[in-house]
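Worksheet: the structure to be examined is printed underneath.
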Amino acid sequence: MKYQYLVVSDRIEDVQRADLVLVQNFEKAKEKLKKKVRAGAGLEVQVLQARAMDAKNAAKWLGQVGDLYRFCKLARCQLVLTSGATSQWGMVSGRSFDALLQECGIEPLRYWQELERWLESRLARRVTAC
């Protein structure tokens, strides 16, 4: 059998080895990412972070997601917005994702198309035999 997989990390330091790296705070991670990021990397942001924030911090979070998206475009990376859910109760609907993307200045249709192409390209490199 063949399995497809992504190498995922929650450490910015792993951005050169991992396919997908969780970015908790773009403002704090920006300088490290500028030095270490490679084209084709995925940078993940979880909606779960914003759910526990007050309005002021949620607004900052939305701004950071928009900034990270623009950074990804310049660095030829892929923003990956996820729910961060650990149960069905933490899941986010497609319409909510689209609304968040629009609020961050990201065209949802274009984002989903780019994400699909990125995911296909990453998984095509990670097929292994068992």
Sparse-neighbour loop sites [trypsin sites (Lys or Arg not before Pro); segment 1-94; at most 16 other C-beta within 10 Å; DSSP]: Arg11, Arg17, Arg38, Arg76
Counted charge near Ala58, where neighbours are those whose Cβ lies closer than 14 Å (Asp, Glu -1; Lys, Arg +1): +1
Theoretical gain in end-to-end length, Leu74 to Met91 [0.36 nm per residue, Cα-Cα removed]: 3.1 nm
Around Gly105: net Lys/Arg minus Asp/Glu count, Cβ-Cβ under 11 Å: -2
Residue-by-residue Karplus 3J(HN,Hα) for segment 56-64, coefficients 6.51, -1.76, 1.60, Hz, glycine and proline x: 4, 6, 5, 5, 4, 4, 4, x, 5
Crossing angle, helix 108-125 versus the chain [Cα axis fit, 0-90 degrees, rounded to tens]: 30 degrees
C-alpha center-to-center spacing [segment 84-119, segment 1-63] in angstrom: 14 Å
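List the relative contact order of the chain as a percent without decimals, with contacts defined as Cα pairs under 8 Å and 6+ residues apart.
Worked out over the chain, it gives 29 percent.
Gain in length, Glu120 to Ser9, computed as 0.36 nm per residue apart minus the alpha-carbon separation, to one decimal in nm?
Values: separation 111, 0.36 × 111 = 39.96 nm, distance 1.90 nm.
Length gained between Glu120 and Ser9: 38.1 nm.
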Projected label distance in nm at Leu48 and Lys30, using a 7 Å step from Cα toward the beta-carbon: 2.6 nm
Partners for Lys60 among lysines (Cα-Cα distance below 30 Å; same-chain residues under 8 apart left out): Lys28, Lys30, Lys32, Lys34, Lys35, Lys36, Lys73
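Readers should treat all values here as calculations from the given coordinates under stated rules, not as data from a laboratory. On a predicted model such as this, the values are computed, not experimentally measured, just so you know. Please note: Cβ atoms are built from the backbone with ideal geometry, for glycine as well, and neighbour counts cover all protein chains shown.
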